1. What ranking, highest mean first, results for peptides 30-36, 50-56 when packing means the other Cβ atoms within 10 Å averaged over each residue?
2. Points 7 angstrom from Cα along the Cβ direction at Leu7 and Gln60: gap in nanometres?
3. Could you order peptides 68-74, 97-103 by the average number of other Cβ atoms within 10 Å of their residues, highest first?
4. In nanometres, what is the gap between the two model label sites at Ala46 and Val21, each 7 Å from Cα along Cα-to-Cβ?
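Read-outs: derived from the displayed coordinates by stated rules, not from any lab. Here the structure is a predicted model, which is why all the values come from computation and not from measurement. So basically every Cβ, Gly included, is an ideal-geometry build from the backbone, and we count neighbours across all protein chains shown.
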Amino acid sequence: MAGSSTLPIDLPPAQADFDEVYNRLHRQTDQIVSLHVSTQVNDTCAVARAAAANLLGRCQITVIDSQTVSVGLGILVETAVAAAASGARLDDIVRLVRGMVPHLYGVFFVETLDYLGAAGESARPRPFSARCWGSNRC
């Protein structure tokens, strides 16, 4: 990547992939919680919602934008799975997960901010780390 002038991009799965998964799950249940990577990363939620519309009226599919990636998304998934395993209702699981979303934070360290800067304004660090922009020392 260091020698390339093009940055990698993150594409969402194809709608056909969601159709396949939702149809397979629909054979087992009529309620699905579908948690996905932040809409700031890619259009996965939009593609998932389009696929969910194909089962409208036959299966209740709730697509949730996690507003996060990596470990934060994993925490939400584990919480949803645990709630479902304990017998929680779909609405309660959705409320629980959506209630957690604004309270998840991620912190990471990079040697250089070159790639964040090249990714545009949306990738700029939040205010806490803005004083470090352009330097790897705070």
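1. Order by mean packing, descending: 30-36, 50-56.
2. Label at Leu7, label at Gln60, 4.0 nm between them.
3. 68-74, 97-103
4. Using points 7 Å along Cα→Cβ, the separation is 1.8 nm.
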